[in-house]
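Asker: Would you mind keeping the following structure in view while I ask a few things?
Values in this text are rule-based calculations from the coordinates and carry no lab data. This one's a predicted model, so the numbers in the text were calculated from it and none came from an experiment. Methodologically, a virtual Cβ is constructed for each residue, glycine included, from the backbone with ideal geometry; neighbour enumeration extends over all protein chains shown.
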Amino acid sequence: MKLFKSAAKPVAVARELLPTPFFDKLDAVSLVKNWHEWNGYLVADVVEAVGKEYFAIRNQSTLFDISPMCKYRVKGPDALRVMNRLVIRDVAKIGVGRVGYAMWCDEEGMVIDDGTVFRYGDDEFMLLCQEHMFTWLHDCAWGFDVSITDETHNFCGLALQGPTSFSVLKEAGLESVADMKPFDLREIEPGLWISRTGYTGDLGYELFTDSQYAHQLWDRLWGAGHKLWGLIPIGFDALEIARLEVGFLAPGLDFQPVHVVSRINRGRTPFELGFGRLVNFEKGHFNGRRALLKHRDEGSRYHLVRLDIEGKEPAKDAFIYSGRDKVVGHVTSAVWSPTAKRNIALAELEAPYGGKVKNGLWAEIYVYKEGAWQRRQKKAVVVETPFFTNARSRKTPPDLF
Amino acid sequence: MAQSEKRYDVIVIGAGHNGLVSAATLAKLGKRVCVLEKENEIGGMARNYEIADGLQAPRIAHLLYNYNPVVARELGLAEKIDKAPISTIALSDDGRHIEIANGALRYADGAEHPDAAAYAEIRRKIEKFGKLLAPLALRSPPDLSEGLSLAGAGEAAAIAKLGLELKMFGKKDMREFLRIVLSNIYDLALDEMPDGEVAGLLAADAVWGAWAGPRSPGTVFLLMYRYAYGADPSLPKRGAGAVVDAIVDVARSRGVEIRTGAAVSRLNIKNDAVTGVVLEGGSEISAKVVMSSLGAFPSMKMAGPQHYDVETVRRLRNVRAKGMTAKVNLVLRQEPKIGGVSLAQIAGRFVIAPSAKYVERAFSKAKYGEFPGAPVIEFVMPMVSDAAQRGRYLLSAIVQYIPYHLKGGWDDAARDRLTALTIDTLSQYIPELRENIAHVDALSPAFIERETGAPGGHWHHGELSTDQLLTVRPVNGMSRYAFGVRGYYLCGAGAHPGGGVSGAAGRNSALQLLKDGVLS
Ligand SMILES: Cc1cc2nc3c(=O)[nH]c(=O)nc-3n(C[C@H](O)[C@H](O)[C@H](O)COP(=O)(O)OP(=O)(O)OC[C@H]3O[C@@H](n4cnc5c(N)ncnc54)[C@H](O)[C@@H]3O)c2cc1C
């Protein structure tokens with residue numbers, strides 16, 4: 001049997017991690033050369049210093065390279081039906097030129113991944129997410145009239161986030177974003193898409209374009225914002241603090257994408273992750289619907305909750321106790337929030353803890369001090385609202401500085 | 001077209017024998033049932049047809065192998081169906097054929113056969129284990145998804161009971177059962193006897209309808225399935241169609257309505273529950289429950305993939321259903337003669353499988369989409385065993401290892417090759433056959449699929465193999481007849497326990513939906 005039908009030479013598969021379309025730009029300004037792998041690409045953990053980068057998110061503006069994010073275009077007469085079959089929310093309610101947060105489940109109602117749905121047109125969507133979904137989308141679309149293309153590698157993206165981000169755009173000649181409301185999506189110039197979205201809970205935008213225009217886009221924003229508006233590139237570590245302050249979930253940390261785990265009972269339902277309100281049982285069948293009805297009626301087995309923990313030591317990997325000696329869960333992400341000035345965490349607790357029972361919780365934190373481990377029991381309080389919110393992130397038009 | 005006024009409790013799609021058994025079972029409890037059949041004739045794969053003026057022939061199925069006596073008793077069919085076990089002649093190239101009559105094997109000329117004892121032992125074993133498994137065919141496969149909860153306790157008990165029965169077998173039998181149940185018939189037979197007609201017959205009986213050769217694992221299980229109610233098949237007087245007629249009588253007497261020429265094009269579904277069906281042509285009929293006797297995949301398409309989880313659709317798309325069996329019916333001008341077969345013996349079943357190797361070799365070709373050099377054939381000549389048709393000469397042949405996925409596809413030329421191959425093979429044993437043929441009807445697997453809707457034209461509507469059995473038939477998570485959408489049930493050969501003219505699937509499905517409470 002012939003494997004390669006065309007006369008063209010097969011393209012070799014790269015063995016090393018790939019540079020993103022913005023890598024050269026980042027590399028040129030990176031002081032610490034601290035990289036890690038994301039979806040086969042080299043991305044920065046830190047460009048210069050975490051603290052500086054974090055405070056730029058909250059006080060200036062920042063660029064974060066989101067190119068490695070999985071991006072799938074779903075297009076065709078049945079595109080809306082396929083998207084609605086995929087995710088738990090009603091996609092019909094995401095208008096053209098809008099973006100919506102979504103989760104999707106397997107047949108048992110366990111979350112496969114979460115991400116954002118960009119509606120480009122009546123019959124055209126882009127799904128942005130962490131996990132690889134190409135095969136899943138094809139399975140999902142079987143019997144429907146749509147085409148699915150993986151745009152991950154030819155569509156690059158930058159997240160521009162921070163209070164001065166609108167000022168940066170204005171300076172860059174993109175002032176027409178002024179009237180864009182949160183979750184709006186627009187082709188601001190031919191081939192340049194912009195959405196008022198982000199992972200920081202601050203004022204911010206995400207910009208997407210064909211990878212061949214990556215450098216042009218970078219230079220344009222850099223030129224407009226670096227000197228005037230304190231625009232700097234950031235890495236993952238700073239972003240991690242910001243997203244925890246808002247309470248966004250990180251797949252692999254706060255929940256285990258069910259297609260990736262091999263152990264049974266590691267999957268979680270949207271109810272268990274605190275996203276029950278997204279599940280729309282009225283829109284017709286969608287994947288996992290029958291199982292989710294059962295989960296809804298039988299109640300959650302776990303609760304993912306926000307915790308405010310006494311003291312200053314981040315409760316990373318801590319066990320959560322009810323009273324002094326009953327382990328009822330563990331912390332999935334934790335950080336000291338510089339803006340809220342609180343010791344915050346996301347934790348998964350076994351029901352009824354975190355649900356009906358919210359009091360009497362303690363975090364057991366391990367602290368390493370100069371060659372010795374200390375164990376500390378700290379009071380943990382369940383918090384219902386994000387640790388960080390601000391009006392500027394939603395104001396339209398946004399404030400200039 | 002106007003909407004139908006009447007609302008039924010249950011609509012059954014397909015008037016094959018399973019659909020009819022479902023209908024009759026539910027009608028007994030006063031349910032209003034309507035059976036919709038796309039053909040103008042009732043009976044599906046088990047129906048008779050008029051092959052030549054006034055001459056009735058079994059269109060596809062012709063013998064009863066695993067006809068279920070429990071189902072027959074429940075429906076009150078026993079008295080209505082005239083059937084008797086028939087002897088088998090395993091044809092030999094050298095004319096020294098072998099006969100199995102009343103369980104005993106000898107040469108057709110009456111002489112003792114050296115492998116008679118070995119044959120008897122294998123047959124005893126397979127029948128015994130088959131009988132042990134038989135009760136499993138009469139209940140829904142256990143639901144393992146609930147673990148060992150209270151609700152699941154009944155299921156667990158059913159499994160435990162099988163375990164218990166196995167234990168009561170005694171250690172030796174138990175060990176033997178576990179040793180052979182998943183093994184292959186080739187090794188099982190050839191461990192006990194040299195290859196030849198006897199091993200060939202066992203091999204053939206294990207593989208009828210299957211995409212499997214005697215060396216394929218699971219073929220011993222298939223033989224147990226076929227021999228569960230005795231190794232000797234029986235020939236129903238007036239064909240398999242007579243069985244269908246009897247079920248139709250019972251169903252109609254209980255008020256079941258059967259509409260022919262009524263092809264269902266899709267289901268009506270509202271709020272994740274069926275509300276009825278839409279016929280080709282557009283008219284709608286409503287019902288609380290819809291049962292489909294089609295294969296699992298076409299049944300899913302009838303509801304629409306949008307009503308199924310992605311994983312389910314993927315599983316259903318991958319159900320293996322590649323038919324391997326064709327049917328060739330011949331009308332003959334005069335009574336055929338087979339050398340070495342007596343006048344009395346000609347009323348029996350004939351099997352052309354002179355060795356297990358022959359059977360395996362035929363499969364080897366067919367699995368790559370080619371015609372075998374020589375196919376495995378079972379034929380009966382009902383005209384000589386059925387007084388009603390005496391004077392008319394019919395040869396009904398099941399031709400095994402005729403692939404659905406034939407290289408080059410199924411066109412007229414391919415069908416002519418099927419006819420020629422069948423006649424060539426038969427002619428080796430029936431010398432003057434060719435001149436004697438008045439009419440030929442050759443039904444390829446592709447044709448059978450087109451006519452009956454059976455996926456791949458497959459005997460069981462889906463391979464009956466260890467990965468598509470019991471709790472994973474038709475696919476994982478759907479073994480208890482309920483088919484995704486509330487009120488939608490499978491009831492045909494594609495569901496547990498599989499095909500053959502047995503009626504078990506149709507009966508089990510009806511009982512399960514009553515238990516599920518979808519009619520209340
Ligand atoms: C070549 C061959 C030989 C066989 N020989 C034997 C044998 O000798 N003995 C034996 O026991 N078994 C035999 N079998 C197997 C046996 O015939 C089948 O397993 C059994 O008859 C299946 O019955 P069923 O009721 O489940 O399905 P079917 O008999 O296939 O019935 C399905 C019915 O649904 C109808 N239908 C399909 N689509 C629609 C629609 N859209 N709307 C309405 N109706 C529809 C079909 O026309 C058909 O009548 C043989 C199979 C084959 C292929």
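Asker: Could you give the size of the charge dipole of chain A about its Cα centre, using +1 on the Cβ of each K and R and -1 on the Cβ of each D and E, expressed in debye and rounded to the nearest 20?
Answerer: Using Cβ point charges on Lys, Arg, Asp and Glu, chain A gives about 900 debye.
Asker: Calculate the FRET efficiency for B:Glu192 and B:Ala344 from the Cβ-Cβ distance with a Förster distance of 25 Å, rounded to the nearest 0.05.
Answerer: With a Förster radius of 25 Å, E is 0.25.
Asker: About the Cα centre of segment A:70-150, how large is the charge dipole given +1 on each Lys and Arg Cβ and -1 on each Asp and Glu Cβ? Please answer in debye to the nearest 20.
Answerer: 400 debye
Asker: At 222 nm, what helix-only mean residue ellipticity would the protein assembly as shown give, in deg cm²/dmol to the nearest 500, using -39500 (n - 2.57) for each DSSP H run of four or more?
Answerer: Only helices count here, giving -8000 deg cm²/dmol.
Asker: On a 0 to 90 degree scale, rounded to 10, what angle separates helix B:240-253 from the longest Cα axis of chain B?
Answerer: In chain B, helix B:240-253 runs at an angle near 30 degrees to the longest axis.
Asker: Can you check what the net charge comes to around A:Asp123, using other residues whose Cβ is under 12 Å from the Cβ of A:Asp123 (Lys, Arg +1; Asp, Glu -1)?
Answerer: 0
Asker: Calculate the spin-label point distance for B:Ala263 paired with A:His259, positioning each point 7 Å from the Cα along the beta-carbon direction, and give it in nanometres.
Answerer: 3.7 nm
Asker: Still on this structure, please answer the following. Would you mind giving the mean number of other chain beta-carbons within 10 Å of the Cβ of each residue in B:301-311, as a whole number?
Answerer: The per-residue average across the peptide is 6.
Asker: A follow-up question, please. How much net charge surrounds B:Ile352 when only the other residues with a Cβ under 10 Å from the Cβ of B:Ile352 are counted, with Lys and Arg +1 and Asp and Glu -1?
Answerer: Every neighbour counted, the sum reads -3.
Asker: For segment A:301-383, compute the number of Lys pairs whose alpha carbons are separated by less than 24 Å, excluding pairs fewer than 8 positions apart on the same chain.
Answerer: 26
Asker: Something else now. What FRET efficiency would be calculated for the residue pair B:Ala120, A:Arg277, taking the C-beta separation as r and a Förster radius of 56 Å, to the nearest 0.05?
Answerer: FRET efficiency, B:Ala120 to A:Arg277: 0.20.
Asker: Next question, about the same structure. Could you sort out which of A:Lys181/A:Lys283; B:Lys288/B:Lys515; A:Lys25/A:Lys395 sit more than 24 Å apart by Cα distance in this structure?
Answerer: A:Lys181/A:Lys283; A:Lys25/A:Lys395
Asker: Near B:Val35, within a Cβ-to-Cβ distance under 9 Å, what is the net charge of the other residues, with Lys and Arg +1 and Asp and Glu -1?
Answerer: -1
Asker: Rounded, prolate or oblate for segment A:70-150? Axes are the square roots of the Cα gyration tensor eigenvalues, ordered a ≥ b ≥ c, and the cut-off for rounded is a/c under 1.5.
Answerer: Rounded, since a/c falls under 1.5.
Asker: Go through segment A:244-337 and name the chymotrypsin sites (Phe, Trp or Tyr not before Pro) that are in a DSSP coil and have 14 or fewer other Cβ atoms within 10 Å of their Cβ.
Answerer: none
Asker: Report the Cα centroid-to-centroid distance between segment B:306-360 and segment B:162-230 in angstrom, as an integer.
Answerer: A separation of 19 Å, based on Cα centres.
Asker: OK, next. Would the protein assembly as shown count as rounded, prolate or oblate if I go by the C-alpha gyration tensor, calling it rounded below 1.5 in a/c and otherwise prolate when a/b exceeds b/c, oblate otherwise?
Answerer: prolate
Asker: Mind running the shape call on segment A:301-383? Use the C-alpha gyration tensor, a ≥ b ≥ c as the square roots of the eigenvalues: rounded below 1.5 for a/c, prolate if a/b tops b/c, oblate otherwise.
Answerer: oblate
Asker: Multiply the residue gap between A:Phe144 and A:Asp325 by 0.36 nm, knock off their C-alpha separation, and tell me the result in nm, one decimal place.
Answerer: Taking 0.36 nm per residue and subtracting the Cα distance, the gain is 59.8 nm.
Asker: Also, quick follow-up: Can you pull out the trypsin sites (Lys or Arg not before Pro) in segment A:33-80 that DSSP calls coil and that have at most 11 other Cβ atoms within 10 Å?
Answerer: A:Lys33
Asker: In degrees, nearest 10, range 0 to 90: what is the angle between the Cα axis of helix B:504-516 and the longest Cα principal axis of chain B?
Answerer: 20 degrees
Asker: Further question on the same structure: Taking only Cα atoms, what is the 0 to 90° angle, nearest 10, from helix B:412-427's long axis to the longest principal axis of chain B?
Answerer: 40 degrees
Asker: Could you derive backbone 3J(HN,Hα) for segment A:354-361 from the dihedral phi with the Karplus parameters 6.51, -1.76 and 1.60 (θ = phi - 60°), listing whole Hz in sequence and x where the residue is Gly or Pro?
Answerer: These are the phi-based 3J(HN,Hα) values: x, x, 5, 9, 10, 9, x, 9 Hz.
Asker: If the reach is capped at under 14 angstrom between alpha carbons, list the aspartates and glutamates near A:Lys33, excluding any in the same chain fewer than eight residues apart.
Answerer: Partners found: A:Asp24, A:Asp45, A:Glu48, A:Asp237.
Asker: Long-range amide H contacts for A:Ser61: which residues qualify at under 5 Å (H placed 1.01 Å from N, peptide plane, sequence gap of 5 or more or a different chain)?
Answerer: A:Thr164, A:Leu231, A:Ile232
Asker: At R0 = 30 Å, how high is the FRET efficiency between A:Asp308 and A:Ala178 if r is their beta carbon distance? Nearest 0.05 is fine.
Answerer: So, using R0 = 30 Å, E works out to roughly 0.25.
Asker: Who wins for biggest fluctuation among A:Asp184, A:Asp90, A:Asp139 in a Gaussian network model of chain A, springs between alpha carbons below 10 Å?
Answerer: Highest fluctuation among the options: A:Asp139.
Asker: Hey, another quick one. May I ask you to list the GluC sites (Glu not before Pro) in segment B:1-91 that are in a DSSP loop and have at most 13 other Cβ atoms within 10 Å of their Cβ?
Answerer: Loop-located and lightly packed - B:Glu5, B:Glu79.
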